Amino acid sequence: MNLVDLIKKEFDIKKMNKIFLKKGSIYKKPTDEINNITYLISGKLKIVKYLPSGKELIIRHINKNNTFAETLLFSVSNYPAYIIADIDSKIVEISKEKILEHLSDIKFTTEYIKSISDKIKVLTDKIEFLSFENTKKKLAYYLINLYEFQKSKHIYIDKSKAEIARIFGSTRENISRNFSSFEKNKIIKIIDNRKIELKNIEVLEDILLS
């Protein structure tokens, strides 16, 4: 039983007050205090920061049947970024006081710590990704990760170019140029908008190490 299952069992989600968020609405801002864990019943949220240019940098998405803020509940006072509804969503909030009451339960505490550890791992991977100084290296890293996950040189691109651009802190045009450059240099073969074939993984690795 994971943290989400325990929360649904211990807090009787069905009887809790629901908050409905319309697509594009801001749920939390960096000026808002963290005083609860949020459970996403349905929909999808995104955690974003805005660059000085006004461009949106997506830190990560939160999908339905997931919790967030448990990693920050007892450490900082404010949300570190904006949390925005990517599509129409429904959530419930579980207060810090209620969480504290349940931390005496060893099973609940174990799953709580495990959830925090898993999310720190994801954040570490994200920091590693953002450490690459240009779009070319970020795209190479992204494609290598897809190759390792899908275990095939025929890769399904799981995001649109616009979504990739937001994650990279770049533009859709720049992403398209880099895809075209990779194809021109016979590193990849573009099959359609969401499918490519990796022709030379070694060159992708060389790009990362250059």
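A few remarks follow.
- Residue satisfying condition, being modelled with pLDDT under 90, surrounded by 12 or more Cβ atoms within 10 Å (Cβ to Cβ) and not small (Gly, Ala, Ser), within set 153, 90, 114: 114
- The residues of the range 33-51 that are closer than 14 Å to residue 90 by Cα and of a type in the set (S, T, N, Q), listed by number, are 38, 42.
- Test for residue 101: is it free of Cβ contacts under 8 Å to residues at least 24 places away in the same chain, closer than 23 Å to residue 116 by Cβ and outside any strand (DSSP E or B): yes
- Residue selected from the range 137-171 under the condition in a loop (DSSP other than H, G, I, E, B) and touching a strand residue (DSSP E or B) at 6+ places or on another chain (Cβ under 7 Å), by the criterion farthest from residue 209 (Cα to Cα): 157
- Of all residues in the range 172-191, those that are out of contact with any strand residue (DSSP E or B) (no Cβ under 6 Å at 6 or more places or on another chain) and within 25 Å of residue 58 (Cα to Cα) total 10.
- Any hit, the range 31-43, residues being exposed (fewer than 12 other Cβ atoms within 10 Å of the Cβ) and outside the structural domain of residue 161 (by TED's automatic domain parsing): yes
- Exactly one residue among 120, 99, 113 is over 19 Å from the mean Cα position of the chain (by Cα) and farther than 24 Å from residue 18 by Cα, and that residue is 113.
- Looking across 195, 138, 184, 119, one residue alone is free of Cβ contacts under 8 Å to residues at least 60 places away in the same chain, out of contact with any helix residue (DSSP H, G or I) (no Cβ under 7 Å at 6 or more places or on another chain) and within 21 Å of residue 46 (Cα to Cα). It is 119.
The values are calculated or read from the model by the stated rules, or taken from the named source; none is laboratory data. What you see is a predicted model; the values in this text were computed from it and never measured. Positions of Cβ are backbone-derived with ideal geometry, glycine not excepted, and every protein chain shown enters the neighbour counts.
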